[in-house]
Structure formats: C-alpha cells, structure tokens
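Asks: Questions regarding the structure given below will be posed in turn.
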Amino acid sequence: MSTPTSTLDRAVGPGAEPAPRAEAHPVTLRRVLASEWIKLRTLRSTRITLAVGLVLMAGIGVVVAAVIASRWNSLGADEQASFDPTYSAMQGHVFGQLAIGVLGVLVVTGEYATGMIRATLAAVPKRLPVLWAKSIVFGAVTLASSTIASFVAFFGAQAVLTPHHLQTTISASGVLRAVVGGGLYLTVVGLIGVTLGALVRNTAAAITTLFGVLLLLPVLIDLLPSSVSDHITKFLPSNAGDALLHVHQQSGTLAPWTGFAVMCAYAVAGLAAAAYLLKRRDA
C-alpha cells in the first residue's frame, strides 16, 4: 500500500527538509517606541502643531518684552519694582501650552478616530507599552523642542530689553532654572494632553477638558471668596507649574520645584488612571 504524498512532499520533493517557519519578533518596549516615533514624525499635523506652539512660545515673549520696554516710563513704581525680565520672556507659555496640549491629545485620539488603534493594540497585546511609548516619545520630542524655544524666547526678549537697560543674564540667580522650566512646563502640559486623550478617547471632549483645566478652572476658583481660593489656586496644574517660570517665588504661590512636582503629580495620576482603563476596556 503506497503512502499518500503530502502537499509539502509534492512541493519540495520526498525526503526534503521542511522550510523553517519565520519566527515572530517579540514585542519589546524598544520596538513599540520605534513604532510610535514613526507615527509621530510622519504626521503633518505633528509638525504643524508643534511649530505653532514653539513659535508662540518664542514669539510672544519677545513681543511682551517689546511692549513693556516701550511703555516703561508710563508704568507705576510698583510695576517697575516687580518687573521680572525672565518671566516676561516666558509669557509665550500661556499660548504655547494650548498647541502642545492639543497635540498631546491628538497623539492618542487620532488613532481612535481612524480606527488604527485596533491594529496597534492587536500588535501589542499587553496594551500598556503603547501608552508608555506614546508618553515617552511625545514627552522627549516636546522637551527638546520646547526647551530650545524657551531659550530663543529668553535671549530674544533680553535683546529687546538691553537698549532700555532692563535685561538680565542667563547666569543670574534663578534665571537658568526658569528658562529650562519653560521647556519642562510645556512638556508636562503635553503629557496631560496625552493623559486626557487616553482617558476620554474623543478629540473634542479631551481638548475641551484640557482648556477647562488650564484656563477656565483658575478663573472659576478665583470667583470664590479669597479665604477659600487662596488655598486652592496655587495647587491647580497651570498655577503650580507656573511657579517654576518665576525667578523669585511670588506671594501666595508654591516654591518653584514644589509647584512643578505638584504639576507632575497630576500627569502621573492621569497616566495611572489611563493605564487602568486601558487594561479594563481593551483587555
């Protein structure tokens, strides 16, 4: 009785060694990071939004310095005494944070909107490396670019202030910390955007929440009696992080690094919540 010839034997001949199967590459954080880097740098919206945020950060500071210099003689004695040439250069962070925060949201919600997240999570079954990789890649890109923008804003503003003898130097006490703080502040805002995107998963809702937390919430808290608002305002994310951009601690605010630690705590708590929901909703 003859032995049936298998499909493999017919294909490669009797007695031939079967072709080895290609082994799948293990999913590692390094490979997930590489994947997220490709996604981030190949999107046109990334380059445009990041550029807008950095131009606002650098440009607004120079404009503010120019306006103050032109109006210096009309300012009151108290305003002149409290003038901080470093913080005036960092004023662009108020506008730059909006663009950076929106981009952080889009890093996550963009995939949910297109349905690409299904392929991403299928390729990374453990789920959480996707969130860590998005946060690390976006955080690193934002830190590098926003720190450069912060230094550009500082030196540009000081060039405008120098003819009026209002400038400071990067070596002055607290100045380097404040300038580097501009980059750190925008980076954490971007990570808060990533967090909200991962929690809400809807672009419009996440952006609205981001704007509410950064801009609207401080205004609403200020409407409360001062006996209440004074104890709350300094712990809000934007106000706490803003302390890092001042050369000298302001009255009623947290110390620079304490405020930045509070701001980071919001981002860490948000990422922890997003990680929990990612495991629960997409397991």
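Please treat every number below as a calculation from the coordinates, not as lab data. Keep in mind that what you see is a predicted model, and the values were worked out from it rather than measured. Because the Cβ atoms are built from the backbone with ideal geometry, glycine has one as well, and the counts that use them run over all protein chains shown.
Asks: Give the residues of segment 124-156 that are small (Gly, Ala, Ser) and touching a residue at least 60 places away in the same chain (Cβ under 8 Å), sorted by residue number.
Replies: Selection gives Ala133, Ser135, Ser145, Ser146, Ala149, Ser150, Ala153, Gly156.
Asks: Counting only residues that are part of a helix (DSSP H, G or I), within 30 Å of Phe155 (Cβ to Cβ) and under 16 Å from the mean Cα position of the chain (by Cα), how many does segment 85-106 have?
Replies: 12
Asks: Here is a further query. Please specify each residue of segment 238-262 satisfying the condition of being part of a loop (DSSP other than H, G, I, E, B) and among the aliphatic types (A, V, I, L, M).
Replies: Val247, Leu254, Ala255
Asks: While we're looking at this one, here's another question. Could you tell me how many of the residues in segment 118-172 are part of a loop (DSSP other than H, G, I, E, B), surrounded by 14 or more Cβ atoms within 10 Å (Cβ to Cβ) and not β-branched (Val, Ile, Thr)?
Replies: 3
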